[in-house]
Amino acid sequence: MHRVTLLPATCGVSMDAAPLEVVRADAQLESAQTTVVVAARAVRDGLADAWVSVGHTGASVASAVLTLGRIQGMQRPALAVVVPALASPVVLLDVGATTTSSVATLEQFALAGHAFAQAVGVSNPAIGLLTIGSESGKGDELRVEADTHLREVLNARGLVYAGPVEGFDVTRGNRAQVIVTDGFTGNVVLKSIEGAAAWAAHQIGLAYGDSGPARGVVRAAAAGDFAGGLLLGVDGVTVVGHGAGTAAQVIGCVELAQRAVEQDVIGNISAALSGLQ
């Protein structure tokens, strides 16, 4: 029989609050008050192996960084989700931990995403850079420079670099199984996929109903299968889910956290980033 311990927290973080200010102020207290700091401290202090948040994303990320610290070699954290693509699951990151990126952070995302993909069962995943065309030289200055850099450093590490990939490759899964981008672009892509899935579920439901062969398609599309994202780059398993998620999606977040602990994702990412400053 598993023991359950309830840790008191007197308040949450409202969606209109300045998350960094709230979390930073609470993290300085000997006895934390907000849910996200209490939960992150439980991992830091060894009371829990992982923590799951379905609240304010910014506050959750800030609490994880301030409480657990960053993994060496990871300048910024990245939220990674597993997209149930056609040919193979695809790890997409960053989907909203930070809105901007540099060539260096995209390299770190690639290495961390590769380690995460292997942990969720994708063997020898190819890494792609999300941009507006599959040819080298497409995209803005960051994407063009990152393409050249990733090709060099990933090949030197013996990893498979698929080169530039486009938006539809995220749900196809045949060219790349790890796709890296900045958090602004990644969040837009993720929300677009979720919206398209909801639209498809509605249209299929209208045409065929929730019965017979259509049942599985409707339910899969409606769920979107995005339980939550694993926050890569912090020194403790942190999963961030949707505040409006269903009970099944919250359970999925817990299962993702459990798998990350069992597969030692944090240790694998640390090893992958060794040597980076």
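Quick note: the coordinates plus some simple rules give every number you see, no bench work behind them. Computed from a prediction, not measured in an experiment: that's the story for all the values here. Neighbour counts are summed over all protein chains in view; Cβ atoms, including those assigned to glycine, are modelled from backbone coordinates with ideal geometry.
Remarks
- For the pair Glu194 and Asp16, a Förster radius of 22 Å applied to the C-beta separation gives a FRET efficiency near 0.45, rounded to the nearest 0.05.
- Placing unit charges on the Cβ atoms of the charged side chains and taking the dipole of the chain about its Cα centre, the candidate lying farthest along the positive direction among Ala260, Ile127, Pro77 is Ala260.
- The sum of -39500 (n - 2.57) across all DSSP H runs of n ≥ 4, divided by the residue count of the chain, sets its helix-only mean residue ellipticity at 222 nm to -14500 deg cm²/dmol.
- For segment 1-69, the square roots a ≥ b ≥ c of the C-alpha gyration tensor eigenvalues yield an a/c of 1.5 or more together with a/b exceeding b/c, which makes the shape prolate.
- Around the Cα centre of the chain, unit charges on the Cβ atoms of Lys, Arg, Asp and Glu (plus for the first two, minus for the last two) sum to a dipole of about 420 debye.
- Farthest positive-ward along segment 1-69 dipole, Cα basis, beta-carbon charges - from Ser53, Ala40, Val4: Val4
- Summing Cβ point charges (Lys, Arg +1; Asp, Glu -1) relative to the Cα centre of segment 1-69 gives a dipole of roughly 160 debye.
- Under the shape rule built on the C-alpha gyration tensor, where the axes satisfy a ≥ b ≥ c, segment 73-160 is rounded, since a/c falls short of 1.5.
- Amide H contacts under 5 Å for Val165: Leu129, Leu130, Thr131, restricted to partners 5 or more places along the chain or on a different chain, H placed in the peptide plane at 1.01 Å from N.
- Listed residues Ile132, Ile71, Ile179, most fluctuating in the chain (Gaussian network, C-alpha, under 10 Å): Ile132
- Tensor-based shape of the chain (alpha-carbon gyration tensor, a/c under 1.5 rounded, otherwise prolate or oblate): oblate
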